[in-house]
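J.: For reference, the structure I am asking about is given below.
The values are calculated or read from the model by the stated rules, or taken from the named source; none is laboratory data. Being a predicted model, the structure only gives us computed values, none of them experimental. Please note: Cβ atoms are built from the backbone with ideal geometry, for glycine as well, and neighbour counts cover all protein chains shown. Heavy atoms of the whole protein, side chains included, go into the accessibility calculation; ligands, DNA and RNA do not. Shrake-Rupley method; radii C 1.70, N 1.55, O 1.52, S 1.80 Å.
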Amino acid sequence: MVDFKKLEKKWQNAWEDKSTFKVEVNDKKKFYIAIVYPYMSGLLHVGHLYTYVPSEILMRYKRMQGFNVLAKFGFHCTGSPIVTAAKKVTEKEPSQLESLKKMGIKESQFVDFEKPEHWVDYFSQETLVDLSSIGFSIDARYTFKTTSLNPPYDAFIRWQFNKLKEKGHVKKGKHPVVWCPKCNSPVGDHARSEGEGETPKDFIWVKFRLKDSDLILMAGTTRPDALYGQTHLWIDPNGKYKVVEVNDEKWVVGADTVKKIEEQYASVKIVGDISPKELIGRWAKGPLVDYDVYIVPAWFIDASVGSGIVYSALEDPVDLFELKKIHSNMKMLNEYNLDKDVVAKLKPFPIIKVSGMGDNLGEEIGKEFNITSPDETEKVKAAKDELNKRVFRKGVMQDNCRACSGMTVSECQEYLKEHLVKNGEAIMFYEFTNKVVCRCLTDAIIKMVSDQWFIEYNDPKWKKQAHECLDKMQIFPSETKKQFNYVIDWLNHWACTREFGLGTRLPWDTKWIIESLSDSTIQMAYGTISKYLQHPEDYDFKIDKLNDEFFDYVMLDKGDVNVVEKSTGISKVRLNTMKTDFEYWYPFDFRNSAKDLVQNHLTFCMFNHTAIFPKKHWPKTFMVNGRVMVNNEKMSKSKGNFFTIRELYQAHGADVVRLTAANAGEGINDANYDMAFLETAKKKLSELLDFAQNNYDKGRDEVLSIDNWFESMLNKSVKETTENIENMKFKSAIKTGFLDMQRNLKTYLNRTKNSPNKKMINQFIEVQTKLLAPITPHVCEEIWELIGKEGMVSLAEWPTVDESKIDESLVEIENIFAKVVSDISKVLTLAKITAPKKITLFISESWKYSFFKKLKEELDNTRNVGELIKATLVKGHEKDIPKLIQSILKDSSKLPATVTSQKQEVDALTQELDNLKGKFGAEVEIIKAEDSKEAKSKSASPGKPAILVE
RNA sequence: GCGGGGUUGCCGGAGUGGUCAAACGGGAUAGGUUUAGGCCCUAUUGGCUUAGUGCCUACGCAGGUUCGAGCCCUGUGCCCCGCACCA
């Protein structure tokens, strides 16, 4: 077995020594690949590998096609994960320490990892080691890390935000956030010990003004539409209520809600307690209707839920059945001094029309669910859920609903939410539907963050531009375009600042740090000149005074170079070098990522480009890949199928690991990194090297028809492989550019009895090496050297297709031969003949060939038997033709893909006579059907000789 | 709930109207080679079957369009992913 590791080191050193992948601006056409940078909270793992392989293959492929290729690589460090991880190290959290250990870090070094800055330095360096060890052909001078630890990058991000602000895309706003009062920060899904997936649900609290009083009863609801059908208010007769003063109004709310109001809405002054008894039996006036509503007790109401007060619209089955209870409960009516007549008159009245249902929705659904008593609480609840669903989906507001008449229920809800709040008749209020607990075990709350900065992705004009950008882009796979379209429309305000974590400070409000997904949206532009900004000393300048004018000049062609020279201290010459570089490289031509970045980063990238750059610098191509599984299971440390790239290449070698990654999958579906394939890859690559070494420049000079077949197949492989790469189908490229090629080689050697044509075998080895070079470059360089080629295969020219060498009839003839062999075997089995004496092959009568050709053409026009007969009729065969047409119509597989000729078929099979004789140990005779009296001979058809065994 | 993707042999997965179902990879079984194992080679891997190179059944389920459907349409079951301030 080949020592891959040794060979790989050799070529990695050679690339380094010869600066094979260092790029400079030149006259060639450029191709800029902006690789998504990895997060530096650890070493690269299989997931990264799978995402990076497409970029890496593409950059090598484009280089071989003569492009000047820039591949940007960075190290992402902004946000909270690194800080959190460092904190865990400080706290000596076992799983965190274990994970460091697994990445090869010694215990004595742990103390260094208590500082976030150390993570940034350490992992970006180690990642660079991994990248070169796996043979990625990037130019390391262009790599950079993010955050304020990298001042020029920091300046770039400030510039980006100043630009966004200038264009009016960044604004201050309010937003409800799931918040941990102890950690004093938002609690994302991943940071919860309970309540994953929970989001603040928006309610509105509607104001009901108590008659003959200045008190306002706040009634919470998600169904403002039902206000049109309001009948009365429910209140918890045993609950605790308070009167509080909010913005000069006196509200009655459940006692437990006071704190929530402060967190979400406004400061609260508690006036005092109020007993439900003081309210029951009185009247209140709510919005949207002219009448007053009566206040009624209900035990299903809980003062601590919502606002503690609910208004009733009797289409709701719960309310309806609850009211029935009260109707019949004289004792209670008396206890609360309720007016019997008023209560008796409370009746539902219809406001919503649901198709397929009558007017009295509550009663009807009750019957449907077979509810006989109000105490069947489960049934009642199920009925309520079902009704809500129907109302929301199909409900239309009836004519008695004033401004909302004719609206669908969902439209009406949106309309009322906005209008009631605007008119001061309600407030927005957010609640969880389930409990949320922070990882620190504190109950989370909903907090209204009010001085947060937002990027306004909801701006319709901006959305339009983003759509325009998307329309012009190439998206792989193309189905993903739909998803992008949806995301552009769905994106709303995006909170872009945080109080905690690594990153760049918001230039005009420095208490805030720019959030991690917002800071990386146009950094690909920075990547075009990062070589200079990260290593100014190599280019004789200093960058201690980078400012917005600098980026304006270099990237937007704005401002005066003399002014910029003065303010930055960078010479005009250097400024113009960077400007030229930027203008040469930008925009980026390709960017790929896993599909989870579609709904944020990749879409942000489009938005931000349209805001800041002119159209010519908008992104060109996105490719989205699935997530990677390992051995068909989600990768996870606990399952033991979590691998760093380092572990893999150290154990198997870079090429093997790369080939396995490229073969793991393609398209948007989840891929599978198959550890078993590592062994297959090893074998196949070893064989490849051995074969090239032992067979190059050996063979005969004479040309046989099988050589031409081989050449056809070779050209086909090049064609298909090139197409596959162009379509970002890298797994298919392995199939057509490697596996199929190897199978054809096997067939070829078999058919030539291991005596290949020298020219062909050389061509094969050269083409094979080139096609594989982007995927397994080390082995390919080695082969390239072994066969005595000049220079690096990495810089060799990508093979071109010679269409004239693709002869479909040769391909067909070879298929016929293979089929004949298998048919003979089959016949022998069926006839139970083990040792045949003689095999006769009858080649189809010659008229059938032209008939088949003609028929093939005619089939595109018609399927009508009569017409086909007329069109294809050959004199003298009036009887045969209808029969043939019938059978072909029934099973079109009888018609070969390519119709050859009788002569070709006879010649080809005659050439293989010895081959056939050897295979079956029998005499073989080939006869044209015309020359035989055997009845069987007439059943031969083009591509399918008749077979007679004796 | 909303949006996107998927559903094909023992497994992973090709295949988007006839040329073609199962490419390619993996696994399994039998045979050959081998001291043995591995590598490698051959055959089989939905069912049936005949003096013949075939027939039938199958692409989640049920319908439909078509001369013809894995592919198009309608309905439906199930699985995966995302739904935000988090990288």
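J.: Which strands (runs of 3 or more DSSP E) sit wholly inside the range A:116-227 and have at least 3 residues that are closer than 28 Å to residue A:418 by Cα and either open to solvent by 10 Å² or more (accessible area, probe 1.4 Å) or among the charged types (D, E, K, R) (or both)?
T.: A:170-180, A:201-210, A:215-221
J.: Could you list, ordered by first residue, the pairs with Cβ atoms under 7 Å in which the first is in the range A:475-493 and assigned to a helix (DSSP H, G or I) and among the hydroxyl-bearing types (Ser, Thr, Tyr) and the second is open to solvent by 30 Å² or more (accessible area, probe 1.4 Å) and within 8 Å of RNA strand B (Cβ to nearest atom), at least 6 apart or interchain?
T.: Going by the 7 Å Cβ cut-off, the qualifying pairs are A:480/A:668.
J.: Going by the structure shown, is residue A:78 open to solvent by less than 30 Å² (accessible area, probe 1.4 Å) and under 27 Å from the mean Cα position of the chain (by Cα)?
T.: Spelling it out, residue A:78 is indeed open to solvent by less than 30 Å² (accessible area, probe 1.4 Å) and under 27 Å from the mean Cα position of the chain (by Cα).
J.: Report whether or not residue A:325 is open to solvent by 20 Å² or more (accessible area, probe 1.4 Å) and not in a loop (DSSP other than H, G, I, E, B).
T.: It is true that residue A:325 is open to solvent by 20 Å² or more (accessible area, probe 1.4 Å) and not in a loop (DSSP other than H, G, I, E, B).
J.: When the range A:790-801 is examined, which residues are found to be within 21 Å of residue A:12 (Cβ to Cβ), at pLDDT below 95 and open to solvent by 70 Å² or more (accessible area, probe 1.4 Å)?
T.: The one that is within 21 Å of residue A:12 (Cβ to Cβ), at pLDDT below 95 and open to solvent by 70 Å² or more (accessible area, probe 1.4 Å): A:790.
J.: For the list (1) open to solvent by 20 Å² or more (accessible area, probe 1.4 Å); (2) assigned to a helix (DSSP H, G or I); (3) not β-branched (Val, Ile, Thr), I need the number of the one condition that residue A:55 fails.
T.: (1) is the only condition that residue A:55 fails.
J.: Can you tell me which residue is surrounded by the most Cβ atoms within 10 Å (Cβ to Cβ) among those in the range A:2-22 that are basic (Lys, Arg) and within 34 Å of the chain's Cα centre (by Cα)?
T.: A:5
J.: Then there is this: Failed condition for residue A:834, given (1) assigned to a loop (DSSP other than H, G, I, E, B); (2) within 11 Å of RNA strand B (Cβ to nearest atom); (3) modelled with pLDDT under 75; (4) among the β-branched types (Val, Ile, Thr), with all others met?
T.: Looking at each condition in turn, residue A:834 falls short on (2).
J.: Hey, can you tell me all the residues within the range A:273-313 that are part of a loop (DSSP other than H, G, I, E, B) and hydroxyl-bearing (Ser, Thr, Tyr)?
T.: Those that are part of a loop (DSSP other than H, G, I, E, B) and hydroxyl-bearing (Ser, Thr, Tyr): A:275, A:291, A:304, A:307.
J.: Do we find that residue A:546 is away from RNA strand B (no atom under 16 Å from the Cβ), outside any helix (DSSP H, G or I) and touching a residue at least 60 places away in the same chain (Cβ under 8 Å) in this structure? I'd like the intermediate steps shown before the answer.
T.: Details: away from RNA strand B (no atom under 16 Å from the Cβ): yes; outside any helix (DSSP H, G or I): yes; touching a residue at least 60 places away in the same chain (Cβ under 8 Å): yes.
Taking the combined requirement at face value, the residue satisfies it.
J.: Name the single residue that is modelled with the lowest pLDDT among those in the range A:934-950 being part of a strand (DSSP E or B) and open to solvent by less than 60 Å² (accessible area, probe 1.4 Å). Full working, then the answer.
T.: Within the range A:934-950, the first condition is being part of a strand (DSSP E or B), and the residues that meet it are A:941, A:944, A:946-949.
With the extra rule that they be open to solvent by less than 60 Å² (accessible area, probe 1.4 Å), the set shrinks to A:941, A:946-949.
On the way: A:941: 81, A:946: 83, A:947: 83, A:948: 81, A:949: 78.
Residue satisfying both the conditions and the ranking: A:949.
J.: In the range A:893-933, what count of residues is obtained for those that are of a type in the set (Lys, Arg), surrounded by 14 or more Cβ atoms within 10 Å (Cβ to Cβ) and either part of a loop (DSSP other than H, G, I, E, B) or modelled with pLDDT of 80 or more (or both)?
T.: 1
J.: In the range A:561-674, which helices (runs of 4 or more DSSP H) lie fully inside it and hold 2 or more residues that are within 12 Å of RNA strand B (Cβ to nearest atom) and of a type outside the set (Phe, Trp, Tyr)?
T.: A:654-662
J.: Of the residues that make up the range A:288-310, is at least one over 30 Å from residue A:214 (Cα atoms), of a type in the set (D, E, K, R) and touching a residue at least 40 places away in the same chain (Cβ under 8 Å)?
T.: No.
J.: Quick one: what pairs do we get from the range A:801-829, first residue under 20 Å from residue A:915 (Cα atoms) and more than 8 Å from RNA strand B (Cβ to nearest atom), second assigned to a helix (DSSP H, G or I) and among the β-branched types (Val, Ile, Thr), C-beta under 8 Å, 6+ apart or different chains?
T.: Within 8 Å, the pairs are A:814/A:706; A:814/A:747.
J.: Answer yes or no as to whether residue A:87 is under 30 Å from residue A:653 (Cβ atoms), of a type in the set (Lys, Arg) and either in contact with an Asp or Glu (Cβ under 9 Å, 6 or more places away or on another chain) or part of a loop (DSSP other than H, G, I, E, B) (or both).
T.: Details: under 30 Å from residue A:653 (Cβ atoms): no; of a type in the set (Lys, Arg): yes; either in contact with an Asp or Glu (Cβ under 9 Å, 6 or more places away or on another chain) or part of a loop (DSSP other than H, G, I, E, B) (or both): yes.
No: the conditions fail for residue A:87.
J.: From A:750, A:757, grab the single residue that is of a type in the set (S, T, N, Q) and open to solvent by 50 Å² or more (accessible area, probe 1.4 Å).
T.: On inspection, the qualifying residue turns out to be A:750.
J.: Out of all the residues in the range A:365-407, which are within 45 Å of the chain's Cα centre (by Cα), surrounded by fewer than 18 Cβ atoms within 10 Å (Cβ to Cβ) and among the small types (Gly, Ala, Ser)?
T.: A:382, A:403, A:405, A:406
J.: Could you check residue A:44 against (1) surrounded by 14 or more Cβ atoms within 10 Å (Cβ to Cβ); (2) away from RNA strand B (no atom under 16 Å from the Cβ) and say which number it fails?
T.: (2)
J.: Further, regarding this structure: Going through the range A:229-258 one residue at a time, which ones are crowded, with 23+ Cβ neighbours inside 10 Å and assigned to a helix (DSSP H, G or I)?
T.: If the condition is that a residue be crowded, with 23+ Cβ neighbours inside 10 Å and assigned to a helix (DSSP H, G or I), then A:229, A:257 are the ones that fit.
J.: Residue A:66 versus (1) open to solvent by 10 Å² or more (accessible area, probe 1.4 Å); (2) closer than 24 Å to residue A:525 by Cβ; (3) not in a helix (DSSP H, G or I): which is the lone unmet condition?
T.: Exception for residue A:66: condition (2).
J.: Have a look at A:752, A:722, A:747 and point out the one that is among the hydroxyl-bearing types (Ser, Thr, Tyr) and under 25 Å from residue A:54 (Cβ atoms).
T.: A:722
J.: Test of understanding: among A:378, A:386, A:368, which residue is in contact with a helix residue (DSSP H, G or I) (Cβ under 9 Å, 6 or more places away or on another chain), over 30 Å from residue A:176 (Cα atoms) and free of Cβ contacts under 8 Å to residues at least 40 places away in the same chain?
T.: Details: A:378 fails: in contact with a helix residue (DSSP H, G or I) (Cβ under 9 Å, 6 or more places away or on another chain); A:386 fails: over 30 Å from residue A:176 (Cα atoms).
Answer to the selection: A:368.
J.: Which condition number does residue A:772 fail, the rest of (1) surrounded by fewer than 16 Cβ atoms within 10 Å (Cβ to Cβ); (2) within 31 Å of the chain's Cα centre (by Cα) being met?
T.: It fails just one condition, (1).
J.: Look through A:509, A:489 and report the one residue that is surrounded by fewer than 22 Cβ atoms within 10 Å (Cβ to Cβ), over 21 Å from residue A:37 (Cα atoms), modelled with pLDDT under 90 and more than 9 Å from RNA strand B (Cβ to nearest atom). Working first, answer last.
T.: Numbers: A:509 fails: modelled with pLDDT under 90.
Only one candidate qualifies: A:489.
J.: Can you run down the residue pairs with Cβ atoms below 9 Å, 6 or more apart or on separate chains, where the first is in the range A:727-742 and open to solvent by 20 Å² or more (accessible area, probe 1.4 Å) and the partner is among the basic types (Lys, Arg) and near RNA strand B (Cβ under 10 Å from one of its atoms)?
T.: Once the first residue is open to solvent by 20 Å² or more (accessible area, probe 1.4 Å) and sits in the range A:727-742, its partners that are among the basic types (Lys, Arg) and near RNA strand B (Cβ under 10 Å from one of its atoms) give A:739/A:684; A:742/A:684.
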